[in-house]
């Protein structure tokens with residue numbers, strides 16, 4: 001270990017963005033040796049993403065800010081070396097699969113870094129083949145990224161990051177939008193790179209899949225590097241300790257068992273809000289259709305909807321909300337057959353990307369829009385912890401706050417059936433609990449709540465019942 | 001050193017170019033919608049109203065780009081890229097030329113007040129909107145050809161020419177006036193949206 | 001058999017089609033050139049598009065001939081002029097459709113680079129192609145969100161409150177566009193888009209004898225027309 005080269009060296013490094021008064025990084029010192037696999041964890045806003053930006057050269061050049069101390073990546077000093085020099089040495093993978101491919105064609109995306117460095121065509125073609133073979137994505141070559149699933153897009157992004165054979169790989173919450181299978185693909189990818197001697201740094205909230213991969217784990221708290229664990233120490237952390245620090249569980253066995261139980265056990269039966277019989281869903285153009293023989297959600301119940309990507313969870317949710325017409329079968333509202341138009345009146349969906357559903361210039365306007373009157377909007381804002389934000393523009397809020405604004409608008413317009421699409425993707429444990437509490441609040445008000453999720457902890461700890469869809 | 005830093009900041013950099021690309025894509029969608037919209041208004045002569053309809057609905061995008069990328073070249077690139085796409089999808093070559101010229105002029109007007117003065121940016125938007133006159137121009141060529149064709153067949157073209165002269169002058173005046181009105185309306189609406197949303201949300205200062 | 005023409009050849013077709021309009025060529029020359037423009041369609045994957053265009057073109061020609069001889073009321077002339085107008089921009093439409101539907105993005109970018117166009121135009125072009133489909137997807141999401149909130153439901157609702165509807169659609173769209181612009185910048189910068197010096201292309205384009213030959217063939221009717229004038 002001692003003989004190995006130092007890849008990353010941070011000396012009393014502090015960093016502040018111009019828009020914020022406080023430092024996001026405070027006096028950070030550490031070093032990472034070549035070939036190590038290091039996990040950065042901590043609550044949202046703890047500064048781990050900023051550190052990653054210092055590593056791949058995006059800060060302070062692109063994400064501007066004031067820096068003190070020094071940060072070196074493979075001998076390159078942050079702030080003194082332009083990002084272009086980082087390109088051949090550092091590969092980066094980001095959170096959102098939708099926006100991290102610059103090219104429409106997957107092969108072009110792989111070739112893109114090579115083209116930019118002026119590699120000749122022959123070598124480039126060879127390299128694309130090699131890389132695709134190594135990462136087993138030959139089947140994804142020469143396709144439009146708009147035809148790929150999130151997991152597939154993420155694999156292309158990983159391959160593209162490896163095209164120039166970097167010495168350091170930096171992954172910023174790469175699994176936020178992935179399902180179990182895609183995460184397994186990613187795990188194998190990292191294991192392979194690690195075996196090749198590539199240094200890997202991952203910032204991540206989900207910890208379970210990284211259990212066997214990481215050599216060390218850094219825990220950040222409010223901009224400070226407060227703990228460093230070896231792999232053994234990391235494994236010994238109890239779930240209580242983790243939750244106290246706002247982290248996710250390392251071992252999900254218990255949660256998975258609990259989910260199994262929740263699939264069989266029925267909660268206490270109250271009045272059924274939504275139910276279906278022999279529902280066939282899908283889009284006409286696509287062949288994949290899913291048939292659901294029976295399914296229901298009761299008032300005052302939180303139902304978790306799980307299953308692999310592409311199995312039809314979102315389509316089912318949209319069909320129930322009346323946004324997509326079912327191919328055949330019936331949907332019932334409180335036992336009466338209901339049309340799509342009627343379902344839209346009763347339902348609301350909190351989308352994964354909540355930005356699409358905020359329209360107004362202030363939180364107050366937003367919750368009043370489309371509601372039956374503004375008499376008790378303050379009560380609802382109070383309950384959702386939004387009262388001080390009343391006059392703010394919804395787009396200036398944090399992700400969780402936006403979500404709550406959307407929920408407030410749903411309550412205000414008297415919706416009874418509320419669907420959440422992946423409400424906890426990319427959230428630490430603390431923020432996940434906040435989402436859970438919001439679900440509980442809706443439950444207490446007698447709403448029927450359906451949650452589409454990959455998140456085992458949310459499903460196990462907060463859902464009354466879990467339904468899994470299979471292909 | 002400081003001076004160099006300032007000039008460096010006025011140049012378009014990669015993130016600026018990408019932002020321009022994204023706004024241009026949205027603008028191009030607006031132009032496409034405007035084509036359909038004006039087709040509903042006056043089938044066959046949709047191009048007469050295309051610039052106006054498009055000016056009416058695109059103000060937001062223009063204002064946002066002027067605020068986010070207040071550098072010389074941004075507007076010119078937007079006009080040029082739209083022109084390039086119009087041309088290569090089979091529109092008249094003057095679409096490209098008009099697009100480049102009008103956006104360049106619009107850019108200069110914006111630059112005169114460093115993209116800060118609301119009134120000047122509105123004026124700049126007005127000029128920019130004329131960039132879409134390109135696809136309208138073939139109408140004039142067509143008239144000539146059509147009349148030549150009638151004459152070749154020995155028809156009484158003088159009468160027809162009289163009718164078309166009116167129609168053509170009429171359409172020209174209508175096109176110009178409608179662009180002027182719509183660009184002002186669209187631009188003012190865009191500036192209102194900037195205050196109401198983007199400035200309040202802290203996305204532009 | 002598939003023939004792949006160089007993007008610059010397609011560009012030349014486009015220019016020729018435009019020149020047809022400029023120089024008021026006679027119908028004979030126009031038809032000849034249009035036929036020449038049709039032929040490449042049948043050696044590409046877009047055979048059906050070609051056939052579709054061909055049928056419409058023939059119908060336009062036929063109708064026009066019928067109309068011109070019918071009489072000359074103002075209305076008749078008006079309709080007939082519209083038809084002639086559409087037919088006249090047809091060569092542009094055909095060449096445009098051919099260029100657009102048979103050119104890969106890589107080829108397009110490579111051609112722009114070869115023609116010496118600045119990266120300041122090429123990068124936005126790439127982004128437009130990348131982002132265009134996203135706008136459609138975004139619009140669908142926003143429409144769904146509006147339906148759930150009970151905003152602008154019904155067939156002509158969007159037109160009843162046009163300014164309001166425009167605001168509700170455009171604001172989320174542009175907010176998202178801002179985020180995407182940032183994400184794409186990050187992705188592109190870490191992949192070296194800003195590296196100075198020559199950028200190569202994996203897709204190679206080359207002018208072949210066929211390209212040159214076909215360009216000369218297409219120029220012929222035009223030259224003959226100008227010569228005979």
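The values are calculated or read from the model by the stated rules, or taken from the named source; none is laboratory data. What you are looking at is a predicted structure, and each value in this text was computed from that prediction instead of being measured. Note that we place each Cβ from the backbone using ideal geometry, even for glycine, and neighbour counts take in every protein chain shown.
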*Return a yes/no flag: does the stretch A:398-409 have any residue that is in a loop (DSSP other than H, G, I, E, B), within 14 Å of chain C (Cβ to nearest Cβ), touching a helix residue (DSSP H, G or I) at 6+ places or on another chain (Cβ under 8 Å) and surrounded by fewer than 21 Cβ atoms within 10 Å (Cβ to Cβ).*
no
*Please go through the stretch A:105-149 and pick out each residue that is in contact (Cβ under 8 Å) with a residue 40 or more places away in the chain, farther than 18 Å from residue C:205 by Cβ and within 25 Å of the chain's Cα centre (by Cα).*
A:106, A:109, A:110, A:135, A:144, A:145, A:146, A:148, A:149
*Any chance residue A:296 is crowded, with 17+ Cβ neighbours inside 10 Å, away from chain C (no Cβ under 14 Å), free of Cβ contacts under 8 Å to residues at least 40 places away in the same chain and closer than 17 Å to residue A:452 by Cα*: yes
*Given (1) more than 7 Å from every other protein chain (Cβ to nearest Cβ); (2) surrounded by fewer than 20 Cβ atoms within 10 Å (Cβ to Cβ), index of the condition residue C:146 fails*: (2)
*asked:* Looking for something more than 9 Å from chain C (Cβ to nearest Cβ), surrounded by fewer than 16 Cβ atoms within 10 Å (Cβ to Cβ), in contact (Cβ under 8 Å) with a residue 40 or more places away in the chain and part of a loop (DSSP other than H, G, I, E, B) - is there at least one such residue anywhere in the stretch A:177-198?
replied: yes
_Residues of the stretch B:105-120 satisfying the condition of being under 20 Å from residue B:9 (Cα atoms), in contact with a helix residue (DSSP H, G or I) (Cβ under 7 Å, 6 or more places away or on another chain) and either in contact (Cβ under 8 Å) with a residue 24 or more places away in the chain or surrounded by 16 or more Cβ atoms within 10 Å (Cβ to Cβ) (or both)_ = B:107, B:109, B:110, B:115
*Which residues, taken from the stretch A:319-343, are buried (at least 21 other Cβ atoms within 10 Å of the Cβ) and in a helix (DSSP H, G or I)?*
A:319, A:320, A:321
*Among A:430, A:381, which is the only one that is surrounded by fewer than 19 Cβ atoms within 10 Å (Cβ to Cβ) and assigned to a helix (DSSP H, G or I)?*
A:430
*The lone exception for residue C:90 - which of (1) under 16 Å from the mean Cα position of the chain (by Cα); (2) within 7 Å of another protein chain (Cβ to nearest Cβ) it fails*: (2)
*asked:* I'm told residue C:204 meets every condition in (1) under 30 Å from residue A:349 (Cβ atoms); (2) facing another protein chain (nearest Cβ under 7 Å); (3) touching a helix residue (DSSP H, G or I) at 6+ places or on another chain (Cβ under 7 Å); (4) modelled with pLDDT under 90 except one. Can you identify the failing condition by its number?
replied: (1)
*Pick from the stretch A:55-73 the residues that are in contact with a strand residue (DSSP E or B) (Cβ under 9 Å, 6 or more places away or on another chain) and within 13 Å of chain C (Cβ to nearest Cβ): which of them is farthest from residue A:167 (Cα to Cα)?*
A:59
*Tell me which of these residue A:125 doesn't satisfy, since it passes every other one: (1) in contact with a helix residue (DSSP H, G or I) (Cβ under 6 Å, 6 or more places away or on another chain); (2) in a helix (DSSP H, G or I).*
(1)
*Answer yes or no as to whether residue A:67 is crowded, with 24+ Cβ neighbours inside 10 Å and over 23 Å from residue A:145 (Cα atoms).*
no
*asked:* When the residues of the stretch A:74-113 are narrowed to those that are assigned to a helix (DSSP H, G or I) and within 7 Å of another protein chain (Cβ to nearest Cβ), which ends up surrounded by the fewest Cβ atoms within 10 Å (Cβ to Cβ)?
replied: A:84
*asked:* Give me the residue from the stretch A:130-147 that is in a helix (DSSP H, G or I) and surrounded by 14 or more Cβ atoms within 10 Å (Cβ to Cβ) and, out of that set, modelled with the lowest pLDDT.
replied: A:134
_Matching option when the condition is at negative phi and at pLDDT below 75, among C:55, C:74_ = C:74
*List the number of the failed condition for residue C:170; all other conditions in (1) at the interface with chain A (Cβ under 9 Å from one of its Cβ atoms); (2) farther than 15 Å from residue A:100 by Cβ; (3) crowded, with 23+ Cβ neighbours inside 10 Å hold.*
(1)
*Please find, within the stretch A:26-35, the residue that is modelled with the highest pLDDT out of those that are closer than 30 Å to residue A:424 by Cβ and surrounded by fewer than 20 Cβ atoms within 10 Å (Cβ to Cβ).*
A:30
*Residue identified as more than 14 Å from chain C (Cβ to nearest Cβ), surrounded by fewer than 22 Cβ atoms within 10 Å (Cβ to Cβ) and either assigned to a helix (DSSP H, G or I) or at pLDDT 95 or above (or both) among A:365, A:388*: A:388
